[in-house]
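So the structure is just underneath, and the comments pick up after that.
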Amino acid sequence: MFSHQTGPCYTESYRSVVAAVSKIQRLDTLAADPHTTVRFAALSISYLTDAHTEIHLKSIAPSPMKLSTLFLIGILFLFPAAADAQTGQSAPMAVSSPFQTLDLRAPNPYRNASGRPGHMYWQQQVDYEIHATLHTAEQEISGAESIRYRNNSPDALPYLWMHIEQNACAAESVSNRLKQPPLVFLGAVFDFSCQGFVGGMTIGSISSSGRVLDHTIYGTTMRIDFDEPLPPGSTTTLELTWKFKIPPYGLARMGRDGDLYEIAQWFPRLAVYDDVRGWNAEPYIGAGEFYLEYGDYDVTLTVPRDFIVSATGELQNADEVLTARQRERLRRAMTQSESVAIITESEAGNPEETRPAGSGTIDWHFMAENVRDFAFAASPDFRWDATNWNGIRIEALYRRGAANWEEAVEMSRASIRYFSEQWYMYPYSHATTIEGLIEGMEYPMLTFVPAMELREDLHWVISHEFGHEWFPMLVGSNERFYPWMDEGFNTFMDLAGAAEYFEGTDYGSSIEWNPLALYAENAVPGKEQPLITRAAEQNNLFWSAYQKPALMLQLLRHEVLGEERFDFAFRSYIDAWANKHPTPADFFRIMKDASGMDLDWFWHDWVLTVARLDQAVESVSGVQNADGASTEIVLINHLAMVMPVEMEIEYADNTSEIIRFPVEMWNQGSRFVYLLSDAREVRRVTLDPRNRYPDDVRENNTWVR
């Protein structure tokens, strides 16, 4: 990677060829079926990365490919000068440059060169009408579902793909057969299994216009076949019936605890069909989350009369399901910033105080517009606090005795306010958090958060789950392939929000740079994986999906672009892709377009590879030139990652100064010479004096006379 040396370049190239072999099945030259022809791909530049970034790979596709051919490709790749000797052309400098251009998919009418939706951008519209019943005696949910699917694509669709994630609890599911260990995030355990519960969804019928449709189930996905392809611009309506047993703990996303039900991943829903990959029907295994179409929801939930229900969307029949006192308290909560108890501690669990008169069951009716999912929670035992910010209803529903939850509504309000003021206005009518058994999960307008002993922990999880209302609820990236684009972006936002909420405390002063403190423990050479690695293949999701991308954006904002420049670009990304489906290439392009800075070098080092940083002071010496005495300071970039440099110079007279160099200092190679035109004697030179970089060898950051 060094333009003035050959050895490191060849070493990096060799590793890239080896990496190519291990990544064959993830190249975008492969068909969806892993048993199709294997193609070997080599880049014309010295890096390899996951296909799903839309990095265009120059494919070589003999089938079968002989080992000798692979060897020849490797030789040509490792020694470009030898290949160019055949044509008399010199080897391109880009091969060894850290500033090589990413070879992204060409812009097109759907996604333009600025990283924004093109003038012909399209996505499908999927609207749901669901009537579902919670059967508490049988621990079951049954439903009837009507789906209106509009094909806005230019393609005729012979079939539709759907997700039925409850089948992850089936005995023969991939998750159950693999028996993968749970993920541990700083002590919090996320078990993406059903913990021995055997369940799954039973599909009763599927029809359209009275005609039964053939369907085939493959684990957590289902294909529905049409008699004739669905033409572009046309609409079809599907009618489904289904039921499933509610797992006590389902996939770390939903479950039940006594009379508390947190229900998600609970109805058949359409997979995304997009202009990048066609159908995104990858099976649900656990760690990789979701990628969903936007649409309108009309949902009626039948529950026991003594239950309180909170859900995505706006309640349509409050007069029928809430008491007059509860409705009046909700109106008051919308007029003041202080919390109002909609159901007090003494009232919770007492249906005579909390429920309208009657017996049997009752229907709760909710509607939501332009959202990508729907979830709900139900219990007879909720306490219910509410307030508002900027006309947005902020709510917390929790059981008696839940630690620190009396502050939950204020924590929620602070999070919604901070994210809205800093990045993009909250797009929904309410923001509600539910206390329960789930360690932390997010849905449009609704989050699931556990009780926690420490205020700081509770605030972090509440804030993090609400941050997901921006990523991926609003900006709908593909979580199954790119968890860093939602978990990482969200964690980045959370850090500054937590620092503000706990301002003046040790926690508040340190939390914002916590990912840097985690670097050495998690970014282990030989084990660390590129951020672009899809979720199901990551061995340290805590680092690759959450903490490292947060650190990446922190450094981009504070050390590369500056706050004003970064904030404008990041807001531009959110605004451009609100309620749409961006890819990494779109993000890379819009950050360049809106910031005015080419950042390919940055994304290459932080997203596509596991490049490491080691900036060093090689020497400091006095020199004599035409302008008189000066000091020559030689800086070295030892490893593949490049970053700007901040250098502190301390003089013998006890004064000091800070000099900052932009990343372009490395344009001419890994050695940079700076002539300091100052006659004062230099006593000490220190790189990264604020300790902001994950520098591998800090000992060489300082030179002392």
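The values are calculated or read from the model by the stated rules, or taken from the named source; none is laboratory data. Model, not experiment: these values are computed from the prediction. Heads up, the Cβs are rebuilt from the backbone with ideal geometry, glycines too, and the neighbour counts pull from every protein chain shown. Calculation scope for accessible area: heavy atoms of the full protein, side chains included, ligands and nucleic acids excluded. Shrake-Rupley method; radii C 1.70, N 1.55, O 1.52, S 1.80 Å.
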Exercise. Within region 184-207, restricting attention to residues that are polar (S, T, N, Q) and surrounded by fewer than 17 Cβ atoms within 10 Å (Cβ to Cβ), which residue is farthest from residue 146 (Cα to Cα)?
Worked result: 195
Exercise. Quick check: is even one residue across region 469-477 open to solvent by less than 10 Å² (accessible area, probe 1.4 Å), in contact (Cβ under 8 Å) with a residue 24 or more places away in the chain and assigned to a loop (DSSP other than H, G, I, E, B)?
Worked result: yes
Problem set entry | Selection status of residue 396, open to solvent by less than 50 Å² (accessible area, probe 1.4 Å), small (Gly, Ala, Ser) and out of contact with any helix residue (DSSP H, G or I) (no Cβ under 6 Å at 6 or more places or on another chain) | no
Exercise. Would it be correct to say that residue 153 is part of a strand (DSSP E or B), farther than 30 Å from residue 542 by Cβ and among the polar types (S, T, N, Q)?
Worked result: no
Seminar exercise, completed: Scanning region 117-132 for residues that are in contact (Cβ under 8 Å) with a residue 24 or more places away in the chain and out of contact with any Gly (no Cβ under 7 Å at 6 or more places or on another chain) gives 117, 121, 122, 123, 124, 129
Exercise. Residues in region 356-382 that are part of a strand (DSSP E or B) and of a type outside the set (Asp, Glu): how many?
Worked result: 13
Problem set entry | Where a residue in region 515-541 is in contact (Cβ under 8 Å) with a residue 24 or more places away in the chain and within 26 Å of residue 284 (Cβ to Cβ) and its partner, wherever it lies, is hydroxyl-bearing (Ser, Thr, Tyr) and crowded, with 18+ Cβ neighbours inside 10 Å, with Cβ under 7 Å and at least six apart | 529/544; 530/49; 530/609; 531/544; 532/49; 532/53; 533/544; 538/544
Exercise. Would you call residue 248 without any contact (Cβ under 8 Å) to a residue 60 or more places away in the chain, surrounded by fewer than 22 Cβ atoms within 10 Å (Cβ to Cβ) and farther than 20 Å from residue 359 by Cα?
Worked result: yes
For this session: Could you tell me which of the residues 590, 574 is in contact (Cβ under 8 Å) with a residue 40 or more places away in the chain, over 16 Å from residue 478 (Cα atoms), touching a helix residue (DSSP H, G or I) at 6+ places or on another chain (Cβ under 8 Å) and in a helix (DSSP H, G or I)?
Result: 590
Exercise. Is at least one residue of region 606-619 open to solvent by 50 Å² or more (accessible area, probe 1.4 Å) and more than 28 Å from residue 103 (Cβ to Cβ)?
Worked result: yes
Exercise. Of these, 154, 181, which one is closer than 30 Å to residue 275 by Cα, out of contact with any Ser or Thr (no Cβ under 7 Å at 6 or more places or on another chain), of a type outside the set (A, V, I, L, M, F, W, C) and surrounded by fewer than 13 Cβ atoms within 10 Å (Cβ to Cβ)?
Worked result: 154
For this session: Considering only region 642-692, state which residues are farther than 30 Å from residue 603 by Cα and of a type in the set (A, V, I, L, M, F, W, C).
Result: 649, 652, 675, 676, 679, 682
Exercise. Say we look at region 451-465 and pick out the residues that are open to solvent by less than 10 Å² (accessible area, probe 1.4 Å) and out of contact with any strand residue (DSSP E or B) (no Cβ under 6 Å at 6 or more places or on another chain); which of these is nearest to residue 267 (Cα to Cα)?
Worked result: 463
Problem set entry | Whichever residue in region 479-499 is more than 8 Å from the chain's Cα centre (by Cα) and part of a loop (DSSP other than H, G, I, E, B) and, among such residues, is surrounded by the most Cβ atoms within 10 Å (Cβ to Cβ) | 481
Exercise. Hey, among the residues in region 182-202 that are touching a strand residue (DSSP E or B) at 6+ places or on another chain (Cβ under 7 Å) and not in a loop (DSSP other than H, G, I, E, B), which one's modelled with the lowest pLDDT?
Worked result: 183
Exercise. Do we find that residue 631 is closer than 22 Å to residue 559 by Cβ, assigned to a strand (DSSP E or B) and either in contact with an Asp or Glu (Cβ under 9 Å, 6 or more places away or on another chain) or of a type in the set (A, V, I, L, M) (or both) in this structure?
Worked result: no
Seminar exercise, completed: Quick count over region 640-694, residues being touching a residue at least 24 places away in the same chain (Cβ under 8 Å), open to solvent by 50 Å² or more (accessible area, probe 1.4 Å), touching a strand residue (DSSP E or B) at 6+ places or on another chain (Cβ under 6 Å) and under 19 Å from residue 558 (Cα atoms), is 1
Exercise. Listed residues 347, 338, 353, 421; which is assigned to a loop (DSSP other than H, G, I, E, B) and open to solvent by 20 Å² or more (accessible area, probe 1.4 Å)?
Worked result: 338
Exercise. When you scan region 510-556, how many residues do you find that are assigned to a helix (DSSP H, G or I), of a type in the set (A, V, I, L, M) and either modelled with pLDDT under 95 or in contact with a helix residue (DSSP H, G or I) (Cβ under 9 Å, 6 or more places away or on another chain) (or both)?
Worked result: 13
For this session: Check whether at least one residue in region 248-255 is part of a strand (DSSP E or B), hydroxyl-bearing (Ser, Thr, Tyr) and over 23 Å from the mean Cα position of the chain (by Cα), and report yes or no.
Result: yes
For this session: For region 622-655, enumerate the residues that are of a type in the set (Gly, Ala, Ser) and modelled with pLDDT under 95.
Result: 622, 626, 628, 629, 630
Problem set entry | Residues located in region 208-221, provided they are at negative phi and either open to solvent by 40 Å² or more (accessible area, probe 1.4 Å) or assigned to a loop (DSSP other than H, G, I, E, B) (or both) | 211, 212, 213, 214, 215, 216, 217, 218, 220
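Yes/no matrix, rows are residues, columns are (1) more than 26 Å from the chain's Cα centre (by Cα); (2) of a type in the set (A, V, I, L, M, F, W, C); (3) not in a loop (DSSP other than H, G, I, E, B):
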{"position": "172", "(1), (2), (3)": "yes, no, no"}
{"position": "180", "(1), (2), (3)": "no, no, no"}
{"position": "227", "(1), (2), (3)": "yes, no, yes"}
{"position": "233", "(1), (2), (3)": "yes, no, no"}
For this session: Return the only residue of 431, 414 being in contact with a strand residue (DSSP E or B) (Cβ under 7 Å, 6 or more places away or on another chain), of a type in the set (Gly, Ala, Ser) and touching a residue at least 24 places away in the same chain (Cβ under 8 Å).
Result: 431
Problem set entry | Extreme residue, farthest from residue 452 (Cα to Cα), among residues of region 385-417 that are outside any helix (DSSP H, G or I), in contact with a Ser or Thr (Cβ under 8 Å, 6 or more places away or on another chain) and of a type in the set (D, E, K, R) | 393
